[in-house]
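To keep things clear, I will list the structure first and then write my remarks on it.
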Amino acid sequence: MKSSVVEKAVSTFLQSLRQRNASVHTIKAYRGDLKECAAYAGTQGWKEIDQVTNRAFMSNSHRKG
């Protein structure tokens with residue numbers, strides 16, 4: 001399956017955390033949150049992810065707890 005633009009960016013970001021010797025717990029926390037964000041964004045490109053999309057994601061995450 002082809003990775004979305006957001007999934008690729010998440011992967012790159014997590015790799016940069018590993019290279020900077022970030023805590024395993026920090027990486028795990030970011031991985032979980034960003035995986036949810038990437039799933040919410042779906043196949044949208046960066047130009048389609050706007051403030052409304054971000055707020056909807058945050059609201060959805062808040063409702064889930």
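Summary of computed values
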read-out	value
Subset of segment 1-41 [assigned to a helix (DSSP H, G or I) and among the small types (Gly, Ala, Ser)]	9, 11, 16, 29, 32, 38, 39, 41
Options 24, 5; residue that is among the β-branched types (Val, Ile, Thr), modelled with pLDDT under 90 and open to solvent by 40 Å² or more (accessible area, probe 1.4 Å)	5
Search result, residues across segment 8-21 that are of a type outside the set (Ser, Thr, Tyr) and either at pLDDT 95 or above or surrounded by fewer than 11 Cβ atoms within 10 Å (Cβ to Cβ) (or both)	13, 14, 15, 17, 18, 19, 20, 21
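Let's see how each residue does on (1) under 14 Å from the mean Cα position of the chain (by Cα); (2) among the charged types (D, E, K, R):
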{"site": "3", "(1), (2)": "yes, no"}
{"site": "14", "(1), (2)": "yes, no"}
{"site": "24", "(1), (2)": "no, no"}
{"site": "30", "(1), (2)": "yes, no"}
{"site": "35", "(1), (2)": "yes, yes"}
{"site": "39", "(1), (2)": "yes, no"}
{"site": "46", "(1), (2)": "yes, no"}
{"site": "53", "(1), (2)": "yes, no"}
{"site": "58", "(1), (2)": "yes, no"}
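The values are calculated or read from the model by the stated rules, or taken from the named source; none is laboratory data. Predicted model, so just to flag it, every value in this text is computed and none were measured. When we count neighbours, we look across all protein chains shown, and the Cβ atoms used for this are built from the backbone with ideal geometry, even at glycine. Surface accessibility is based on the protein's heavy atoms, side chains included, excluding ligands, DNA and RNA. Shrake-Rupley method; radii C 1.70, N 1.55, O 1.52, S 1.80 Å.
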